[in-house]
Amino acid sequence: MIQQGNFLLMDRDEFHGWLSKQNVTRNINRLQVHHTASPNYKTRRMVNGAAQQDHFECLEGMRRYHLSEGWSGTGQNITIFEDGKVAISLDRNLNKAPAGIRNANSGAICIEIIGYFDKGNDVITDKQKSTVVHVYASLAEKFNLAINTNHIVYHAWFTYGGTRLADFKPGESSKTCPGTAFWGDGNTVAAAKKNFLPDIQAELDRIKGKNNISEDDQPMTTQEKADFQALQEQVKKLNEQLEQINGRESMDIPAYAKDAVTALSNMKTKEGKPVVDTPTGRSKDFYDVVTVLYRTGFFK
Ligand SMILES: [Zn+2]
């Protein structure tokens, strides 16, 4: 994590931890989705997938432009680069409403995705995609937002005056942002529902699953290991004792009881059913009693 000038630059995997420490006092109910259009992969001077332009140079350039427009600081709260790095605008911290969508910034966080994702232009990198879903999922978790088109909104779904449209509509939408080929599908509501929102939901599920496991998945201490081993030993001994008891209880028909058991097995009730269903595998007590009864002539 590097702080320089007006920005804090971090790796994808640093974002969740950083966000968890932020105390955001304003109510957040919308996460805006934007592409920067300019800067883009060309102005970043991509060579073999690596930008030649410095991250901070790019960020300060956007800030200078926004200030020249009369804005109070960098428009967006968060910027996501083509290499997966995340930048936080220190002059537009999360407690400050962004300048992202005219008249629709209250309760919103503005995330700018570096690139120009209209058809025929930049094709988003896998690293950038991975960070984008992680950032939106982390924000949705932090602010308890359901993953749907009420809470995750494309710039293209608003008019220039900030009225929410049912969908991207050329001529009515203020911009094509985040691009007519965004996320491979475009900037419509149907496109968002097809892949972008499910990708965020999957990442949110992963984050939540990881949080749940982490509490129970701590490695055992030495004492806990010793206790666990002792417990296993006890269970093993109990099992052995149980086997012995079972072996004592159930046995083959002893020789002295064979005649008695045969006689008993041939006996029928008034309904014609056998008096004893299972003459084998009984206890010694059973065979003893049967033998005694047989010898006293009780049944023949
Ligand atoms: Zn936009």
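A few points about this structure:
- Test result for His155, within 16 Å of the ligand (Cβ to nearest atom) and over 27 Å from Met1 (Cβ atoms): yes
- Among (1) crowded, with 22+ Cβ neighbours inside 10 Å; (2) in contact (Cβ under 8 Å) with a residue 60 or more places away in the chain; (3) of a type outside the set (D, E, K, R); (4) touching a strand residue (DSSP E or B) at 6+ places or on another chain (Cβ under 7 Å), the one test that Ala137 misses: (4)
- Single condition Tyr41 does not satisfy, out of (1) out of contact with any Lys or Arg (no Cβ under 8 Å at 6 or more places or on another chain); (2) assigned to a loop (DSSP other than H, G, I, E, B); (3) within 15 Å of the ligand (Cβ to nearest atom); (4) on the phi < 0 side of the Ramachandran plot: (3)
Every residue, every condition in (1) closer than 18 Å to Gly162 by Cβ; (2) buried (at least 18 other Cβ atoms within 10 Å of the Cβ), yes or no:
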residue	(1), (2)
Leu9	no, yes
His35	no, yes
Tyr41	no, yes
Asp54	no, no
Gly70	yes, no
Gly84	no, yes
Ile101	yes, yes
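- Residues that are assigned by TED's automatic domain parsing to the domain that holds Phe15 and modelled with pLDDT of 80 or more were ranked within segment 207-233; the one that is surrounded by the most Cβ atoms within 10 Å (Cβ to Cβ) is Ile207.
- Residue match in segment 49-56 (condition: assigned to a strand (DSSP E or B) and touching a Phe, Trp or Tyr at 6+ places or on another chain (Cβ under 6 Å)): no
- Matching residues in segment 248-271 - criterion: being within 14 Å of Phe286 (Cβ to Cβ) and assigned to a helix (DSSP H, G or I): Arg248, Glu249, Tyr256, Ala257, Lys258, Ala260, Val261, Leu264, Ser265
The values are calculated or read from the model by the stated rules, or taken from the named source; none is laboratory data. Owing to the predicted nature of the structure, the values given are computational and were not obtained by experimental measurement. As a convention, Cβ positions derive from the backbone with ideal geometry for all residues, glycine included, and neighbour counts pool all protein chains shown.
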